[in-house]
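Only one structure is covered here, and it is reproduced in the block below.
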Amino acid sequence: MSYMGRILVALGIAAAVAAPAMAEEGCQAMLQKLDAAMQTAQLADEAKKTVDEMKAKAEEALKAGDEAGCTKAATEALKAAGAMPAEEGK
């Protein structure tokens, strides 16, 4: 294998190893943003219930290693909390 080929393989391995950790931090950051938003949010009971349900789903997905599921639920929670415009995160 050529020198350039070895570099490309090493970069590919590094990206594969780093991607899950970076993705988890992304969803974790969204959950932290949600917690901060909920400190000052004044929501109707139904909206608060939706936020709590979506946050619980996001946390479950995060624990299970399901980054896409975590991100989706966290996005819905942020929208319900008014911390993200409805068109953002599509």
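FYI, it's all coordinate maths here, none of it is from the lab. Predicted, not measured: the structure shown is a model, and the values here were computed from it. Here the Cβ positions follow ideal geometry from the backbone for every residue, glycine too, while neighbour counts run over all protein chains shown.
Sort 38-50, 54-66, 70-82 for me by packing, meaning the mean count of neighbouring Cβ atoms within 10 Å per residue, highest on top. Mind dumping the intermediate values first?
Working: 38-50: 11.5, 54-66: 16.5, 70-82: 21.4.
Put in order of decreasing packing, that is 70-82, 54-66, 38-50.
Per the Cauchy relation, a quarter of the hull surface: what is the mean projected area of the convex hull of the alpha carbons in the range 25-65, in nm²?
2.8 nm²
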Lysine pairs meeting the criterion (Cα under 15 Å, 8 or more apart or interchain), as found in the range 20-81: 13
Inter-label distance for Q39 and A68, nm, one decimal - labels placed 7 Å from Cα along Cα-to-Cβ: 3.4 nm
